[in-house]
Amino acid sequence: MLPMKLNFKMLFSPVFTGVLFVVFIVAMAAATFIENDFGAASASQMVYNSRWFELIFLMLVINMLGQVFIYKLYKKKKITILIFHLSFIVIIAGAAITRYTGYEGRVHIREGQAVSYGLTGDEYMAVNVYDSKNRLLLSHREKVMVTNTSLGSFYREEKINETPFSVRYSRYIPNASETVVDTEGGRPMAALLVTNARRFRKVVYLAEGDIKIVDKLKIGFGTDESCDLNISLKADTFIVRSNKELTGMSMMTREMITIPAGEEAPLREMLIYSTPNYRIVPQKLSLSGTVVPVSLNTENSLTGKDAFEIELRYGTEFRKMYVYDVYNGEIDTAETKIGSDSFVLTYGPERIEFPFSLMLEDFKLERYPGSSSPSGYRSEVVLVDKEHNVNMPFSIYMNNVLKYRGYRFYQSSYDPDEKGTILSVNHDMMGMLVTYSGYALLFVFIILSLINKDSVFRRVKPSLWRNSGSRLLGLIIAFLAINIGAGANPSKIIYEKKKVDEFGRVLVQDQKGRTKPLYTLSHDILRKIHRSNTYKGLSPMQVFTGFSTDFQNWKDEPLIKVSNKDLRTTIGITEEYVSISQLVDFEKGEYMLAGMIQEAVNKPAGERDKMDKEIIKVDERVNIVMMLARGEFFRLFPLRNGTDSWGTPSQALQNALDENDSLYISNILSLYTGALYEGKTTGNYNEADEYLESLLNYQRKYASYELPSESQVRAEIFYCKSMIFERLFPYYATTGIIMLVILITMIIRGKTGRTSLVRVFSGLILLGFVFHTAGLGIRWYISGHSPMSNGYESMLFISWVTALAGLLFSRRSSLTLAATAVLASLTLMVAHLSFMDPEITNLVPVLQSYWLTLHVSVITASYGFLGLGAILGLVNMILFALSTPVNRKHILKTVDDLTVINYRTLSLGLYFLTIGTFLGAVWANESWGRYWGWDPKETWSLITMMVYAFVIHSRNIKALNSIFSFSILAVYAFSSVLMTYFGVNYYLSGLHSYAGGDPVPIPAFVYISIAVLLALSFYSYSRYNRMVKALST
């Protein structure tokens, strides 16, 4: 009985919990890299959908349930921990219900059409065998996930009327195209390439007896029916006859032949046959052939379909059959006959029958003004349920979900001709309710842990860490390995800076209807298209007015940023910037990205790769420049049409009150810019100032709503010009580093208390935080939404929360405040690197949601606390490294205090991360019908949660129960945060990825930093061991 008792004790022990955490973390991390290299299907098959991955969840549930009874968590004092364990058990149960009972799919509806079914998101392969009387002899169906990393599992072997039969999946053929090959037992085949003057091009495959219509050309092979082109086989020779005269030219000798209409002639390969409207090239003529798929290089051509080779054996006969996985989700069928029996193979999704129907009345696509790029789309549908006598119109768009009888319909994509919609459908009411209940329990635990006086968060003290930490370094190296794996043209007009910046006081109504200073608009536009605050030393208003009033001389300026290396190669540039004239041929009216942008926006968001995302971004920048050229941003004039809209001069003229009003609207801008240009020569700007004041008065006189006050306008211009955040990061860095050096020096010398110098630097950091807060507040006011909608704004917010965390804990330790100042500086510095892209146009439809503020603010706030934890751990390691027999007692006391602060800091960070992650899951479910899809971003958020859960619980593992262990884990755990934010956003593909082109090579300083950190770890570990031994004697 003793061994069994020990086994059960081990099964429910904290050590086994830690082992499960590590295995779980490694598995998920590996899956994200598998997805990046081999695709989401491979990651799902090898990890997420595998039985061994489910076993990890099951073992976690068993482990947590066992701990409830072993540690008597049902007692009143431990109720907080009990709720924590139960919450994760409920969440895992909800996930299991979703996996085994829920389903999702897609619904395609054309305008005016009603459908009562959808297609599953999963693919199925089936084989049916029929006899000569069409009686079913065998039917076999399997859910499959065939990828280029696996041969799949589709297999069936049995006897049919005592005849051995087997079918199995053999080979995956990506990016497949078809070709005819000679084969024994095949049929006479002809492969013809058909083209015309309208750039139509298609290869058609005809077996004897086939008739096919290609474009408007009717071609028959071995049939008596009259066609435009008839092919026949006589004495093993292919013959052609046309109802119009044919001319033929040898591709080798250029020899010409003529075939009169209605006459027969041999059909030969390597000849180009021409009719008045078409050219036909026989690519392959086979007396015994079959059509088989071949894989093409994706760099040369994208076919839009993959193929699967299936091997079929029946008695002594052997066949290879091929079915296609078409990207639009259609079902493909292949058929062959052996003797009198027919074998039918199908591949694709299955139908989901609804107890009601949906009719698409209208599909509406909204575009940015003056642009072909979509800003949003919606489906106007009518739900008809005859059983319940329901006839309900509904508008489906992003974040507006149709919910009915357990089904949830989401807007997903649309047809290229904009006459049809593609909806996602989800049916998982029970799984969703159970999972949401788990989320609620988890939130209750977090609240109780903060207010319950018996919780570990409230009663944490240095004595909780007792062990020397001697077994930690191997774990650190392994953990680190996982994360490592993981000058202006003189001919163009440039207005005088000071005066044209005053023009920025004029108000403009942007595309979202917000009224703001023209300077703000010019600043945001330059940041958007050039990714910088200035261009060749010119201010945003100088660039804005130059492009708007002198486009002909500005169009060759390389202003547009192109981050993606592959896209730059396609465009034909080597630098990161391109001019509008390189992308648009103004004489021919051709746009280089036209085809690529249409293809990119037609893809669902989750299927867009890095180049697709960059094409959409560059297209947006091009459209902004073209809007500048057309003057579409000069929406300076209130329209007199009974609305609150403002318009450009041409729009305002249509609603002018009288002739004087028309003359003013028509001429004020040209008069003002002319006076500016003249003033540059004469130095007299009085006339320009008068025109400017006239325009400002006109706006305030005729606006139909309250405009921003003059003080608000100046404050907004101040924000743009002051560059608060650009100047804050060197300020934080300087004060933080100096204060840190002072404090460490005091500790080494055995001094305690706060000196006047420390108080001065604390005040300076507080002053910087005040400016930081003011900057965020002003930015919130300028943008009209919470400052956390993109990478740039989220980094500003993370930096602010980091500084706030330092101030909250500063009463207990000045070291904490100094460390957070350094971290806040680093975060702000990252925010201003070139790859950050602040949004100035409309938020994408899915971001136009209140969930954005909740999810992003909470999850980014967690990064601030977790970053502070890493800095505090690093400070502890430095203090250990600097310990001597003289100062070790002072250092140990400081380290004890910092560790308690660090535990609470990491706990808060983990709470925020957990809440933010699961709020994101709720947002995802409300937006596109799936609260968890194993996207790399959400996977790495879960990995980071598990990593920090391991750090927080490491005190329960004997080998890791030491202050040194906790400190070093706090440092290295932050690498998972860096991977979650930077690794996923800029190196991996996925729904949340900001990456453009090939991943940027990891900078050399990263490897140097890792080496320095490892050296510090080993050295501080040796000094810590000496300290422990000395204090124990």
If we restrict to alpha carbons, what Rg and Dmax does region 702-830 come to, in Å?
-> 17.6, 71
By average Cβ neighbour count within 10 Å, what is the ranking of 103-109, 769-775 from highest down?
-> 103-109, 769-775
Within the P(r) computed for region 589-652, what percentage of the Cα pairs occupies the region above 13 Å?
-> 70 percent
Cut-off under 5 Å, modelled amide H: who pairs with Glu178 long-range = Val294
Rh (Kirkwood, all Cα-Cα pairs) for region 123-351, Å, reads 19.7 Å
To the nearest Å, what is the center-to-center distance of region 631-690 and region 724-760, using C-alpha atoms only?
-> 54 Å
Straight-line reach check, Lys555, cutoff 12 Å on alpha carbons, 8 or more apart in-chain or any other chain, hits among aspartates and glutamates -> Asp585
Cα Rg, Dmax, region 77-162, angstrom units | 22.2, 76
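As an exercise, find the ratio Rg/Rh for region 2-103 from alpha-carbon atoms, using the Kirkwood inverse-distance average for Rh.
Numbers: Rg = 16.1 Å, Rh = 15.3 Å.
So for region 2-103, dividing Rg by the Kirkwood Rh gives 1.05.
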State the answer as a single residue: which of Leu817, Gly674, Phe729 lies farthest towards the positive end of the charge dipole of the chain, with beta carbon charges of +1 for Lys and Arg and -1 for Asp and Glu, about the Cα centre.
-> Leu817
HN-Hα couplings for region 676-691 via Karplus (6.51, -1.76, 1.60; θ = phi - 60°), in whole Hz with x for Gly/Pro, come out as 4, 5, 5, x, 5, 7, 8, x, 9, 10, 4, 5, 4, 4, 5, 5
In whole angstrom, largest first, the equivalent ellipsoid semi-axes that the Cα gyration tensor gives for region 525-570 are 21, 13, 7
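If packing is taken as the average number of other Cβ atoms within 10 Å across a peptide's residues, how do 243-255, 896-908, 421-433, 717-729 rank, most packed first? Mind showing how you got there, number by number?
Working: 243-255: 12.9, 896-908: 22.5, 421-433: 20.8, 717-729: 17.9.
Packing order, densest peptide first, comes out as 896-908, 421-433, 717-729, 243-255.
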If you put +1 on each Lys and Arg Cβ and -1 on each Asp and Glu Cβ, how big is the dipole of the chain around its Cα centre, in Debye rounded to 20?
-> 6300 debye
Where does the chain land on Rg(C-alpha)/(2.2 N^0.38 Å)?
-> 1.12
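Given a Förster distance of 22 Å, report the FRET efficiency between Val344 and Met145 from their Cβ-Cβ distance, rounded to the nearest 0.05.
Values: r = 22 Å, r/R0 = 0.99.
That pair, Val344 with Met145, gives E of 0.50.
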In whole Å, largest first, the alpha carbons of region 59-113 cover along the principal axes 63, 21, 11
Members of Lys216/Lys364; Lys528/Lys680; Lys75/Lys453; Lys492/Lys680; Lys497/Lys536 lying beyond 20 Å, as alpha-carbon distances in this model show | Lys216/Lys364; Lys528/Lys680
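Can you list the GluC sites (Glu not before Pro) in region 607-716 that are in a DSSP coil and have 14 or fewer other beta carbons within 10 angstrom?
When the GluC sites (Glu not before Pro) of region 607-716 are filtered for loop state and at most 14 Cβ neighbours within 10 Å, Glu706 remain.
Rule-based calculations on the coordinates, nothing more; no lab input. The structure presented is a predicted model; accordingly, all values stated were derived computationally and were not measured. In this analysis, Cβ positions are derived from the backbone assuming ideal geometry, glycine residues included, and neighbour counts consider all displayed protein chains.
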